[in-house]
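Student: I am attaching a structure below and will ask some questions about it afterwards.
The values are calculated or read from the model by the stated rules, or taken from the named source; none is laboratory data. It should be emphasised that the depicted structure is a prediction, and the values quoted were computed from it without experimental measurement. Because the Cβ atoms are built from the backbone with ideal geometry, glycine has one as well, and the counts that use them run over all protein chains shown. Remember, those area values only see protein heavy atoms, side chains included, never the ligands or the DNA or RNA. Shrake-Rupley method; radii C 1.70, N 1.55, O 1.52, S 1.80 Å.
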Amino acid sequence: VQLVESGGGLVQAGGSLRLSCAASGLTFRRYDMAWFRQAPGKEREFVAGITWRGGLTYYADFVKGRFTISRDNAKNTVSLQMNTLKPDDTAVYYCASSPGSTAWSSPEFDYWGQGTQVTISS
């Protein structure tokens, strides 16, 4: 299984970025997918998730209204549209897959990408 993130970079506060994750080696349409992030000196935290059944979406409170997660089962991709970015959003963002998540917590996710750096300047 491979999860490969792309789309990170450096943008000014208030700007936008779109992250993508390409999955291979798994039956993508049967996996919940999520984005997590980890800032320097902090623990990894859940950002957004989307279920395989029904495409239901879930967000951390700190990104609600700014970030949108979506999936394309035909292309085996999951994306994260990030708008109104803040310096506090600076982190490495990881894509992860789970055969079924109930709490959107890291231990429920069995495969992870290598991460993509997102840096927001003030």
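Student: Pull up the cross-link candidates among the lysines for residue 42, meaning alpha carbon to alpha carbon under 17 Å and not fewer than 8 places away within one chain.
Tutor: Cα-Cα hits under 17 Å: 86.
Student: Net charge around residue 56, counting only other residues with Cβ within less than 15 Å of its Cβ (Lys, Arg = +1; Asp, Glu = -1)?
Tutor: Summing Lys and Arg as +1 and Asp and Glu as -1 gives +4.
Student: Now for a separate question. By the scheme Lys and Arg +1, Asp and Glu -1, what is the net charge of all other residues having a beta-carbon under 12 Å from that of residue 15?
Tutor: Net charge around residue 15: +2.
Student: Now a separate question. Whole number in Å², please: accessible area per residue of the chain, 1.4 Å probe, ligands, DNA and RNA not counted.
Tutor: Normalised by residue count, the accessible surface of the chain is 51 Å².
Student: Same structure, new question: Near the amide H of residue 101, under 5 Å away, which other amide H atoms are found, from residues 5 or more places off or on another chain, if H is placed in the peptide plane?
Tutor: Amide H neighbours of residue 101, under 5 Å, 5+ apart: 32.
Student: Which of the GluC sites (Glu not before Pro) found in the stretch 1-66 are in a DSSP loop and have at most 16 neighbouring Cβ atoms, other than their own, within 10 Å?
Tutor: Taking the stretch 1-66 and a limit of 16 other Cβ atoms within 10 Å, the loop GluC sites (Glu not before Pro) found are 43.
Student: For residue 30, what accessible surface area do you get with a 1.4 Å probe? Give it in Å², rounded to 10.
Tutor: Using a 1.4 Å probe on the heavy atoms, I get roughly 130 Å².
Student: Now, a different point. At a 1.4 Å probe, what is the % contribution of carbon and sulfur to the accessible area of the chain?
Tutor: That share works out to 47 percent.
Student: Quick one: what are the phi-derived ³J(HN,Hα) couplings along the stretch 110-122, Karplus 6.51/-1.76/1.60 with θ = phi - 60°, whole Hz, x for glycine and proline?
Tutor: 9, 10, 9, x, 7, x, 9, 7, 10, 10, 10, 8, 8
Student: Explain nothing, just the number: relative contact order of the chain, from Cα pairs under 8 Å at least 6 residues apart, as a whole percent.
Tutor: Here the relative contact order equals 35 percent.
Student: Residue-wise, which Karplus ³J(HN,Hα) couplings in Hz belong to the stretch 75-83, taking 6.51 cos²θ - 1.76 cosθ + 1.60, θ = phi - 60°, and x for glycine or proline?
Tutor: Here the 3J(HN,Hα) series is 9, 6, 10, 10, 10, 9, 8, 10, 10 Hz.
Student: At 7 Å along Cα-to-Cβ for each site, give me the label-to-label distance between residue 1 and residue 26 in nm.
Tutor: Rounded to a tenth, the inter-label distance reads 0.3 nm.
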